[in-house]
1. At what distance in angstrom do the alpha carbon centres of the stretch 147-194 and the stretch 29-58 lie from each other?
2. Could you tell me how many degrees, from 0 to 90 and to the nearest 10, lie between the Cα long axis of helix 101-118 and the main elongation axis, the longest principal axis, of the Cα atoms of the chain?
3. What are the radius of gyration and Dmax of the chain, computed over its Cα atoms and given in Å?
4. I'd like the orientation of helix 146-160 relative to the chain: the angle between its Cα long axis and the longest Cα principal axis, in ° from 0 to 90, rounded to 10.
5. What's the ranking of 241-252, 214-225, 104-115 by average number of surrounding C-beta atoms within 10 Å, highest first?
6. Cα gyration tensor of the stretch 197-256, axes a ≥ b ≥ c as square roots of the eigenvalues: rounded (a/c below 1.5), prolate (a/b > b/c) or oblate?
7. Expressed as a rounded percentage, what relative contact order does the stretch 1-95 have, with Cα pairs under 8 Å and six or more residues apart?
8. Can you tell me the 0 to 90 degree angle between the C-alpha axis of helix 120-137 and the longest principal axis of the chain, rounded to 10?
Amino acid sequence: MLGVSHATSGAALGLAVAGLAPQAVGTAPTAGTILTFAGVTAGAALLPDLDHPSSTASRRFSWASWLAAHAVRPLSALVFRLTRGPRDSGRGTHRGLTHTLAGALLLAAGVGVASARWGTPVTAGVLFVCLALAIKGLDGLVPGPPSLVIAAGLTWVAEEYLPGGTAGTAGWLGLAVGLGMLVHSLGDAVTESGAPLLWPFPIRGRHWYPIGSPRPLRFRAGGRVESLLVAPLLTLGTLALAVYVVPGALDVLLDLRARLVAGG
């Protein structure tokens, strides 16, 4: 799927979980906690493509992204070789370990433990990284270094000015990261390629069986169906959900509309 589709689907899931089921996050549904959670799921929805050398996740942070990608790809290939079934083919470098439920759970656990242990520094760092990925993933609408500046500014605003701040999500950011990675793989599952979500369980002689939707419901990644239908619908749906679940969002929009009408 396109970066914009991954980012918006991640944001939508984060908004739904933190805004409609706050008990799952364990915090009060404030603007700060909801938007922090959604921002992390949006960016984490691009993380699985660290196993692709030309992806946003592999390039966004220069040498740091390069190092991460060059650690992930060999690791994924090694795990593939060690666990491949008799009918598995390929090298396991792309749509491999990072596109599995097990991989998402592993990274989610690590982030969860770190954010619970060290609190705000980890929370702010994870939010910054994920926002930078999400902004860059919005189809290049914010090119180059400015996306890092915007991500840093939004992280600061979330921490200092949004009601509830980011502190309420410490310890639960692991869930946001895991959900973002999972929704990425589910998105790939409705494309022609599928994703090995259920690794290492054997399916038809393959431990890396590409789970997918029924063939008639799949579409080509980056094709016309996604560009003209899926991505716009996800974007509009995410914006509508944000207005619905974020406390005060509707009031802000109504006030802005009133100001525009008065100014006109």
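All of the numbers you see were taken from the coordinates with simple rules; none came from a lab. Since the model is a prediction, treat every value here as computed from it, not as a measurement. Every residue, glycine as well, gets a Cβ built from its backbone with ideal geometry; the counts of neighbours run over all protein chains shown.
1. For the stretch 147-194 versus the stretch 29-58, the Cα centre distance is 4 Å.
2. The helix 101-118 is inclined about 40 degrees to the chain.
3. 18.8, 70
4. Once rounded, one gets 60 degrees.
5. 104-115, 241-252, 214-225
6. Note, shape of the stretch 197-256 comes out oblate.
7. 23 percent
8. In the chain, helix 120-137 runs at an angle near 80 degrees to the longest axis.
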